[in-house]
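Undergrad: Could you have a look at this structure, given as structure tokens, before my questions?
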Amino acid sequence: MAETRRPGYSMDEIRVLHVDDEPDFADLTAAFLERADERFVVETATSVASGLRALDEDRTVDCIVSDYDMPERSGIDFLRTVREEHPHLPFVLFTGKGSETVASEALRAGATDYLQKESSTEQYELLANRVTNAVRQFRGRRAEQRLVEVADNTDRLIFVFDADWSELLFVSAAYEELWGRSISELNDDPTAFLDGVHPDDCGRVRDAMDRLAAG
């Protein structure tokens, strides 16, 4: 299958590398995934070696889908090699060799998910859902990590709340240093940070919070 990668990169896309030694099946899976969700952009490879080359050349891959039973190196071998450089990249083992032993080995090696091939087309919808969920969680963890890295290297205050301001999800360490208040107090009352806002600004801050919560 010709590479379907479009120029540039968009966070709306879900870029999948599918590795399977059966070219026809690899092409079929790619076609069904892209049909199941227009965000999917699927590149195929027919061996572990070509899969590793593709991954090395394209650092925007969001998820790997791999067969298990392949010549020379298995999907588990592929997974272990990937984990050396990409410890958290979503990796779904999609295999016709279904057994508890293979599934257990895959999960121990760091697979994100395991799915057995079936004869029906419904398997592709299930695979698309598994990939989408794995990528969503991966991106969420990566965004959280970046936020923490930024917060650790800034003297600005950064607050992250849930949608209705009932739970404080994150506050930068600068809060205690600049405001002389304990972060622990915010765990009991997330809106306690308003006590440190200048009275002239407090109304505008509350209005902004209400607008965000409403919409």
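The values are calculated or read from the model by the stated rules, or taken from the named source; none is laboratory data. For clarity, every value in this text was computed on a predicted model and none was experimentally measured. Please note: Cβ atoms are built from the backbone with ideal geometry, for glycine as well, and neighbour counts cover all protein chains shown. What goes into the accessible areas is simple: the full protein's heavy atoms, side chains included, and nothing from ligands, DNA or RNA. Shrake-Rupley method; radii C 1.70, N 1.55, O 1.52, S 1.80 Å.
Undergrad: How much FRET efficiency would the formula 1/(1 + (r/R0)^6) give for L126 and S166, where r is the Cβ-Cβ distance and R0 is 30 Å, rounded to 0.05?
TA: 0.30
Undergrad: Just the number, please: percent antiparallel of the DSSP beta bridges in the chain, rounded to the nearest 5.
TA: So the antiparallel bridges amount to about 15 percent of the total.
Undergrad: Okay, next question. Taking the highest mean first, how do the peptides 73-83, 20-30 order by number of other beta carbon atoms within 10 angstrom per residue?
TA: 73-83, 20-30
Undergrad: Using alpha-carbon positions, what is the distance between the centroids of segment 169-215 and segment 95-164, in Å?
TA: 32 Å
Undergrad: Find the accessible area per residue for the chain; the probe is 1.4 Å, ligands and nucleic acids are left out, and the unit is Å².
TA: 58 Å²
Undergrad: With a 1.4 Å probe and all protein chains left in place, how much of the accessible area of segment 93-174 comes from carbon and sulfur atoms, in whole percent?
TA: Carbon plus sulfur share of accessible area: 46 percent.
Undergrad: Still on this model: Taking the 0 to 90 degree range and rounding to the nearest ten, how far is the long axis of helix 199-214 tilted relative to the main principal axis of the chain, both from C-alpha atoms?
TA: Its long axis makes an angle of about 30 degrees.
Undergrad: Ok, one more. What area, in nm² and to one decimal, does the C-alpha convex hull of segment 82-153 cast on average over all directions?
TA: For segment 82-153, the mean projected area of the Cα convex hull comes to 5.7 nm².
Undergrad: Amide H to amide H under 5 Å from F40: which residues, 5+ apart in sequence or cross-chain, H placed 1.01 Å off N in plane?
TA: I14
Undergrad: Net charge around A49, counting only other residues with Cβ within less than 9 Å of its Cβ (Lys, Arg = +1; Asp, Glu = -1)?
TA: Net local charge, A49 excluded: +1.
Undergrad: To continue, here is another question. Kindly provide the helix-only [θ] at 222 nm of the chain, computed as the sum of -39,500 (n - 2.57) over DSSP H runs of four or more divided by all residues, to the nearest 500 deg cm²/dmol?
TA: Helices in the chain give a 222 nm mean residue ellipticity of -15000 deg cm²/dmol.
Undergrad: Another question, if that's okay. Do any GluC sites (Glu not before Pro) in segment 25-109 lie in a DSSP loop with no more than 10 other beta carbon atoms within 10 Å, and if so, which?
TA: When the GluC sites (Glu not before Pro) of segment 25-109 are filtered for loop state and at most 10 Cβ neighbours within 10 Å, E38, E72 remain.
Undergrad: Short version: ³J(HN,Hα) in whole Hz for each residue of segment 174-190, in order, from phi by Karplus 6.51 cos²θ - 1.76 cosθ + 1.60 (θ = phi - 60°), x for Gly and Pro, what are they?
TA: Using θ = phi - 60°, the values come out as 5, 4, 5, 6, 7, 9, x, 10, 7, 5, 4, 5, 6, 5, 7, 9, x Hz.
Undergrad: What does the C-alpha gyration tensor say about the overall shape of segment 117-165? Classify as rounded when a/c is under 1.5, otherwise prolate if a/b is larger than b/c, or oblate.
TA: It is oblate, given that a/c is not under 1.5 and a/b is not larger than b/c.
Undergrad: Can you pull the semi-axes for segment 43-195, root of five times each eigenvalue of the Cα gyration tensor, sorted largest first, whole Å?
TA: Sorted largest first and rounded, they come to 42, 18, 13 Å.
Undergrad: What is the helix-to-structure angle for 75-85, meaning the angle in degrees between its Cα long axis and the longest Cα principal axis of the chain, kept from 0 to 90 and rounded to the nearest 10?
TA: Approximately 40 degrees, to the nearest ten.
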